[in-house]
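Read the structure below first, then the notes.
The values are calculated or read from the model by the stated rules, or taken from the named source; none is laboratory data. The shown structure was predicted, so the numbers you read here are calculated from the model rather than taken from an experiment. Every residue, glycine as well, gets a Cβ built from its backbone with ideal geometry; the counts of neighbours run over all protein chains shown. To get the accessible areas, we keep the full protein, side chains included, count just its heavy atoms, and leave off ligands, DNA and RNA. Shrake-Rupley method; radii C 1.70, N 1.55, O 1.52, S 1.80 Å.
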Amino acid sequence: MFVRLCQHSFHIFDLLLLSAALTILVYILLPHRFALRYDYIDKERMEDALLAVTTSNISSQQAIDCTYKETLADSKFVYDAFHREKILRGEEIRLGGEYQPEECRARYSTAIIVPYRDRQEQLAAFLNYMHNYLRLQQIHYRIFVVEQSDRKPFNRAMLFNIGAKVANSYGFPCLILHDVDLMPLNSGQIYACTTLPRHMSSALDSWRFHLPYRTLFGGVVAISTSQFKMINGMSNLYHGWGGEDDDLYERLKVLSIEICRFDPAYSEYTMLKHKHEIPNENRMALLRSASLRMHTDGLNSLAYKEVERKMHSLFTLILVET
């Protein structure tokens, strides 16, 4: 069988051979772009890896601590219509999007920080599903939505910094930096911090549930507040799409802080369809200087105007000008 390309005929076998050769060449030149195998924490070690730390105002009225072994052991697919379409038992959620279980004392307090602008449909879907999802885990959590009100290129990393600063003022020891268009599929991905910063969304459906490269550290990330302060947060210079997650990884690398991941079966996420942001044309140049800037560009250089802080029924809104 022959295929005709650009006025030349090629045998299909020759094309297959050329394709295989190109694949091998790319693999040799860019091995870090193929992460078919990577280290992860298996099911038996997950609970030991979690940081059992809460805010100081967690109620001590409950006589017993919540347990998480069953949540981890019985992880199951929950991204179904029942959990997605509406809020279940909405009276359990406090003003500002906060929840803590009443039948036991939560061992984990987590601030979920969501950078946001002009994605109302996605935010509504996120809030419905995530409140239903998170309450299955018996953790103490609060959802902070940090909205960029100006029309400058979207600055996702700066919004994470702002959210981290606000969450810290509420005493949260654990931060989960969460894109609004990502949803966890299985119930066992505990929304708490681990000893090492954790890449939570390592098995994404848009990547066919494979990790594109081992140093990827974005989408959904768990990091303790103390570690986030240690690396001076994220860069404030990434205006537009791309680069800020790799910059974050470089900051951790400079301080020899490794990252971890859970078993891929626990790390499966789906990505909602969305319009992509304008790419940051300067991102590669910024990345080359990431390690040099980290001590002067971040939490300690954060400059913004807080336009409004409002307690909604399902989240705390931080409206800002960047």
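May I ask you to evaluate 6.51 cos²θ - 1.76 cosθ + 1.60, the Karplus curve with θ = phi - 60°, for each residue of region 165-173 and list the ³J(HN,Hα) values in order in whole Hz, giving x for glycine and proline?
Per-residue couplings from phi come out as 5, 5, 4, 4, 5, 8, x, 6, x Hz.
Connecting C-alpha atoms closer than 10 Å in a GNM of the chain, tell me which of 276, 140, 83 has the biggest fluctuation.
Comparing 276, 140, 83 in a Gaussian network model of the chain, the most mobile one is 276.
Report the relative contact order of region 150-300, percent, no decimals, based on alpha-carbon pairs under 8 angstrom and at least 6 residues apart.
Details: 257 pairs, mean separation 52.2, N = 151.
After rounding, I find 35 percent.
What is the set of long-range amide H partners of residue 307 at a cut-off below 5 Å, with H atoms built 1.01 Å from backbone N?
319, 320, 321
Which of 152/310; 253/273; 253/275; 43/275 have a Cα-Cα distance over 26 Å? Numbers along the way, then the final one.
Numbers: 152/310 22 Å; 253/273 32 Å; 253/275 31 Å; 43/275 35 Å.
Long pairs (Cα-Cα over 26 Å): 253/273; 253/275; 43/275.
Please work out the average accessible area per residue across the chain, using the 1.4 Å probe convention, and give it in Å².
Numbers: 16270 Å² over 322 residues.
Accessible area per residue, the chain: 51 Å².
Tell me, what ³J(HN,Hα) does each residue in region 82-92 have, in order and in whole Hz, if you take phi through Karplus 6.51 cos²θ - 1.76 cosθ + 1.60 with θ = phi - 60° and put x for Gly and Pro?
4, 8, 8, 7, 7, 6, 9, 6, x, 5, 6
Pick from 68, 304, 108: which is most flexible by mean-square fluctuation in a GNM of the chain where alpha carbon atoms under 10 Å apart are linked?
The residue with the greatest mean-square fluctuation here is 304.
Grab the beta carbon distance between residue 76 and residue 275, set R0 = 30 Å, and tell me the FRET efficiency rounded to 0.05. Please list the in-between numbers first.
Working: r = 32 Å, r/R0 = 1.07.
The calculated FRET efficiency here is 0.40.
Compute the distance in nm between two label points, each set 7 Å from the Cα along the Cα-to-Cβ direction, one at residue 45 and one at residue 295.
Inter-label distance under the simple model: 3.3 nm.
Take the chain, connect every pair of alpha-carbon atoms lying under 10 Å apart with a spring to form a Gaussian network, then pick out the residue of 233, 90, 171 with the largest mean-square fluctuation.
Result for the chain, Cα springs under 10 Å: 90 fluctuates most.
Could you tally the net charge around residue 201, taking each other residue with its Cβ under 9 Å from the Cβ of residue 201, Lys/Arg +1 and Asp/Glu -1?
Working: positive: none; negative: 179, 268.
Taking every Cβ under 9 Å from that of residue 201, the sum is -2.
Would you please give the residues with an amide H less than 5 Å from that of residue 204, counting only those at least 5 places away or on a separate chain, with H modeled from the backbone geometry?
Distant-sequence amide H within range of residue 204: 209, 210, 269.
Dipole of region 208-252, Cα-centred, from +1 at each Lys and Arg C-beta and -1 at each Asp and Glu C-beta, to the nearest 20 debye?
Working: 4 positive and 5 negative charges, 36 e Å.
Using only the charged Cβ atoms, the result is roughly 180 debye.
So, with a 1.4 angstrom probe, what is the percent of accessible area on the chain that is carbon and sulfur?
Details: 9060 of 16270 Å².
Taking all protein chains in place, the chain shows 56 percent carbon and sulfur surface.
Take the Cα coordinates of the chain, assign each an equal point scatterer, and use the Debye formula without solvent to give log10 I(q)/I(0) at q = 0.08, 0.14, 0.15 Å⁻¹.
-0.39, -1.11, -1.26
Per-residue accessible area for residue 147 at 1.4 Å probe radius, Å² rounded to 10?
That residue has around 50 Å² of solvent-accessible surface.
Which whole-Hz ³J(HN,Hα) couplings does region 249-256 yield from phi under the Karplus relation 6.51 cos²θ - 1.76 cosθ + 1.60, θ = phi - 60°, glycine and proline marked x?
4, 4, 4, 5, 4, 4, 8, 6
Each label point is 7 Å from the Cα along the Cα-to-Cβ direction; what then is the distance between the points at residue 52 and residue 103, in nm?
Spacing of the two 7 Å Cα→Cβ label points: 2.0 nm.
Ranked from the most accessible area to the least, with a 1.4 Å probe and all protein chains present, what is the order of 207, 241?
Of 207, 241, the descending order of accessible area is 241, 207.
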